[in-house]
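Undergrad: My questions will all concern the structure given below.
The values are calculated or read from the model by the stated rules, or taken from the named source; none is laboratory data. Quantities reported herein were computed from a predicted structural model and do not represent experimental measurements. Please note: Cβ atoms are built from the backbone with ideal geometry, for glycine as well, and neighbour counts cover all protein chains shown.
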Amino acid sequence: MNENPWKKLSKKNIYDNPWIKVDEHQVLNPAGKEGIYGTVHFKHLAIGIIPLDQDGYSYLVGQYRFPLDTYSWEIPEGGGKLGIPPLDSAKRELEEETGIIASKWTEIQRVHTSNSVTDELGIIYLAEELTYTEANPDEDEELEIKKVHWKEMLEMVVDGRITDSLSVAGIFKLARMLEKTH
């Protein structure tokens, strides 16, 4: 079952911008029938960070998400350029969005954000030993920062107030890690 049951007949680029590329594939599906399959290639990594202080508090970022047409609470996150170490991108994003600098970093999870249509890879870090400075978000970001205990973040995932895939995966992983140590 590890062999690809899909046969690619042709590929045509439909859309391309600095962040994504959309291709349409003519395929034979696993049943042998002709069809199309659309894929989205992301040109950056998805980077998520969970800053955690010594008292078990973290910081969420709230912002309006254009594709969903709704407000979203999530862990600090952003794009990491390929060819740049993902940790460097994580450090930049955390400081930009929250004004937090961490001296201890641990990669805790890798996820494929929506593997039925995209190849996007997300990398989630735990950031500890925090110091604080001024946030400096990108010009297209209007952010609200909220300090919450990790247990409240977990409840926000469980009750559906947090739905972002990087946040959900990272918070569940963090909860599992902390449950083993507490």
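Undergrad: Considering only strands (runs of 3 or more DSSP E) fully contained in segment 32-127, which possess at least 3 residues that are among the charged types (D, E, K, R)?
TA: Result: 100-112.
Undergrad: For segment 1-31, give me each residue that is over 23 Å from E77 (Cα atoms) and either assigned to a loop (DSSP other than H, G, I, E, B) or within 19 Å of the chain's Cα centre (by Cα) (or both).
TA: M1, N2, E3, N4, P5, W6, N29, P30, A31, listed by residue number.
Undergrad: Among the numbered criteria (1) farther than 29 Å from V22 by Cβ; (2) touching a Pro at 6+ places or on another chain (Cβ under 6 Å); (3) in contact (Cβ under 8 Å) with a residue 60 or more places away in the chain, which one does H149 miss?
TA: (2)
Undergrad: Is there a residue in segment 151-168 that is outside the structural domain of G38 (by TED's automatic domain parsing), surrounded by 15 or more Cβ atoms within 10 Å (Cβ to Cβ), in contact with a helix residue (DSSP H, G or I) (Cβ under 6 Å, 6 or more places away or on another chain) and under 13 Å from G48 (Cα atoms)?
TA: Yes, some residue in segment 151-168 is outside the structural domain of G38 (by TED's automatic domain parsing), surrounded by 15 or more Cβ atoms within 10 Å (Cβ to Cβ), in contact with a helix residue (DSSP H, G or I) (Cβ under 6 Å, 6 or more places away or on another chain) and under 13 Å from G48 (Cα atoms).
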